[in-house]
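Read through the structure below, which is laid out as structure tokens, and then see the notes.
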Amino acid sequence: MPVMRTGDAAPHMMALGLLVQQSDTIAGVGRRLHDQFRAAGFARTTAYSSVPSLAADGLALLVRPAPPEQPTLAFYEATPAGREHFLRWMRCTDVPVLVRDIFQCKLELAEPEDVPAILELVNALENSFLDMCDEARVRLRREQRSRSSRPDKASEWRRQMRRLQIQDEAVLWTSMALRLKRLGEQLEKMHAGAVSEETS
Amino acid sequence: MSAVLSLEGVEKGFSRGGEWTPVLADINLQLHAGEITAINAGRLQGKTTLLKIAAGIERPDKGTIHLQNQNITNTSDRHRSKLLGHQITWIDRDGPGLPIQTTKYVGWPLTLHGHKRRQAETAAAQALTRVGAPQCATRHWNELSNHQRVLVGLARAFIANPTLIIIDDLLDALGYQATEQTSDLLRTLIDQNTPRPAVLMSTTDIESAIYADHIHHITGKHALQRLGRERAGEVIPRRRIADNP
């Protein structure tokens, strides 16, 4: 049994979670990894290594081998040990390592001449967050309009969780973009002040 | 698609403590029918001033305002207040500011349209039922919970089928669940209304802004910056009535 790191949102754990949710082929897990955890940016090919690796650890079981020409059609299910491992992760309440923020580190060490490069990074990342935010908001609006008339209890639960997840995601990216917008404005002011002092 | 309201090069400032304080600088904004636009900024950063200029309550120092292709920048106060009663509806947290029953407050825009008081109050009761707040009909504003005030405000906003609805602060800081319900209701009301109005709202929190089609942020330089790209406001077909919650 592999050691579990608290707060670990590594692709193999997500792949295991998807297998616990529903047995699937490697290609199917890859597609769901990509679609259901969009913001994490998992490549579809991530599943090609993580699912066989879960099987090697005894957390997944090969139920139906793939035809030789299409190895990604191998069909897997989570083993009882895999389910237990996944539930331990899901219900783990230890606080994970806090994010090491690149701007916190750079600002601490930056000299005036470093500011233009930091500003460029701020702007680039802000735009990335805005793109992610846009994408999440489009999904949120689709979700807002896709309520079925007679949902059963399980599908209503999934719908509510999905909506909460997308809502939280949109708030997260927007907040990150706003934070960088403010940081960029402040850095620009400081940079302009430093430049005018230098020239006077 | 032509804009319901368009602001071009709008500037506004106030004299505070003998000093000129800019509040809004070079504001360009277009509002389209059926779309929600959120103005996001911190407290005292010009959101309400911008909304008041859009509503015609305040005049800009510079710039032009067009309401449905008509330049209303320098029209008379009388004409502007008529627009506010007819084509534009303003709702905020303060409510009527008078000790009147909710049905009177909700039905007020109809009385401005020439409806008789009883007709307006009957329509107000129906509007309150439509938003899920029939129990508020006989109460006064100060007897309502925050959530009920939002529902009553929305009932009033749509009752006279305006082309532009301006919501100041009312949908802000409601919490996740109430924000979700209110945003769904707002979207449903827009879709069911003919014509579909443009909605302009102010927000300090992000939770309510994310449901808008467009989010604009008032920057430290008092300008307006779009938070996100065009595609966030992608046109999604009008919701079928049967799908409404």
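Output yes when any residue across segment B:121-129 is in contact (Cβ under 8 Å) with a residue 40 or more places away in the chain and within 20 Å of the chain's Cα centre (by Cα), and no when none is.
Keep residues of segment B:121-129 that are in contact (Cβ under 8 Å) with a residue 40 or more places away in the chain, which gives none.
No, because not a single residue in segment B:121-129 is in contact (Cβ under 8 Å) with a residue 40 or more places away in the chain and within 20 Å of the chain's Cα centre (by Cα).
Against the condition farther than 24 Å from B:GLY42 by Cα and surrounded by 15 or more Cβ atoms within 10 Å (Cβ to Cβ), how does B:GLY153 come out, does it pass? Show your work before the answer.
Numbers: farther than 24 Å from B:GLY42 by Cα: no; surrounded by 15 or more Cβ atoms within 10 Å (Cβ to Cβ): yes.
Criteria not met by B:GLY153.
Would you list the helices (runs of 4 or more DSSP H) that sit entirely within segment A:6-117 and hold 1 or more residues that are over 22 Å from the mean Cα position of the chain (by Cα) and within 30 Å of A:ASP134 (Cβ to Cβ)?
Numbers: elements: A:11-21, A:26-36, A:46-56, A:80-90, A:102-109.
Output list reads A:102-109.
Just to be sure, is B:THR73 of a type in the set (Ser, Thr, Tyr), assigned to a strand (DSSP E or B) and either touching a strand residue (DSSP E or B) at 6+ places or on another chain (Cβ under 7 Å) or surrounded by fewer than 17 Cβ atoms within 10 Å (Cβ to Cβ) (or both)? Step through it out loud before you land on a result.
Values: of a type in the set (Ser, Thr, Tyr): yes; assigned to a strand (DSSP E or B): no; either touching a strand residue (DSSP E or B) at 6+ places or on another chain (Cβ under 7 Å) or surrounded by fewer than 17 Cβ atoms within 10 Å (Cβ to Cβ) (or both): yes.
Against the criterion (of a type in the set (Ser, Thr, Tyr), assigned to a strand (DSSP E or B) and either touching a strand residue (DSSP E or B) at 6+ places or on another chain (Cβ under 7 Å) or surrounded by fewer than 17 Cβ atoms within 10 Å (Cβ to Cβ) (or both)), B:THR73 does not qualify.
Results for (1) touching a helix residue (DSSP H, G or I) at 6+ places or on another chain (Cβ under 7 Å); (2) surrounded by fewer than 20 Cβ atoms within 10 Å (Cβ to Cβ), shown as yes or no for each residue.
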| position | (1), (2) |
| --- | --- |
| B:PRO162 | no, no |
| B:ILE166 | yes, no |
| B:ALA173 | no, yes |
| B:ARG187 | yes, no |
| B:PRO195 | no, yes |
| B:ALA198 | no, no |
| B:ILE215 | yes, no |
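Quick check on B:LEU144: is it of a type in the set (A, V, I, L, M) and either surrounded by fewer than 16 Cβ atoms within 10 Å (Cβ to Cβ) or without any contact (Cβ under 8 Å) to a residue 60 or more places away in the chain (or both)?
Considered against the rule, which asks whether it is of a type in the set (A, V, I, L, M) and either surrounded by fewer than 16 Cβ atoms within 10 Å (Cβ to Cβ) or without any contact (Cβ under 8 Å) to a residue 60 or more places away in the chain (or both), B:LEU144 comes out as yes.
What number goes with the only condition from (1) more than 13 Å from B:GLY63 (Cα to Cα); (2) in contact (Cβ under 8 Å) with a residue 60 or more places away in the chain that B:PHE14 does not pass?
Answer for B:PHE14: the failing condition is (2).
Quick check, is A:LEU140 surrounded by 14 or more Cβ atoms within 10 Å (Cβ to Cβ), within 14 Å of chain B (Cβ to nearest Cβ) and either aromatic (Phe, Trp, Tyr) or in a helix (DSSP H, G or I) (or both)? Step through it out loud before you land on a result.
Details: surrounded by 14 or more Cβ atoms within 10 Å (Cβ to Cβ): yes; within 14 Å of chain B (Cβ to nearest Cβ): yes; either aromatic (Phe, Trp, Tyr) or in a helix (DSSP H, G or I) (or both): yes.
So A:LEU140 fits the description; yes.
Please give the strands (runs of 3 or more DSSP E) falling wholly within segment B:151-245 in which 3 or more residues are at pLDDT below 90. Spell out the reasoning first.
Details: elements: B:164-168, B:198-203, B:214-218, B:224-226.
Counting at least 3 such residues, we get B:224-226.
Select, from B:ILE72, B:ILE65, B:ILE100, the only residue that is over 25 Å from B:ASP191 (Cβ atoms) and in contact (Cβ under 8 Å) with a residue 60 or more places away in the chain.
Working: B:ILE72 fails: in contact (Cβ under 8 Å) with a residue 60 or more places away in the chain; B:ILE100 fails: in contact (Cβ under 8 Å) with a residue 60 or more places away in the chain.
One residue alone meets the criteria, B:ILE65.
When both residues are 6+ apart or on different chains and their Cβ atoms are under 6 Å apart, which pairs have a first residue that lies in segment A:67-96 and is over 14 Å from A:ALA56 (Cα atoms), and a second that is part of a helix (DSSP H, G or I) and of a type outside the set (A, V, I, L, M, F, W, C)?
Between residues of segment A:67-96 that are over 14 Å from A:ALA56 (Cα atoms) and residues that are part of a helix (DSSP H, G or I) and of a type outside the set (A, V, I, L, M, F, W, C), the close pairs are A:PHE86/A:GLY17.
If B:THR37 satisfies every condition in (1) assigned to a loop (DSSP other than H, G, I, E, B); (2) touching a residue at least 24 places away in the same chain (Cβ under 8 Å); (3) of a type outside the set (A, V, I, L, M, F, W, C) but one, which is the exception?
All conditions pass for B:THR37, except number (1).
The values are calculated or read from the model by the stated rules, or taken from the named source; none is laboratory data. Values in this document were obtained by computation on a predicted structure and should not be read as measured data. So basically every Cβ, Gly included, is an ideal-geometry build from the backbone, and we count neighbours across all protein chains shown.
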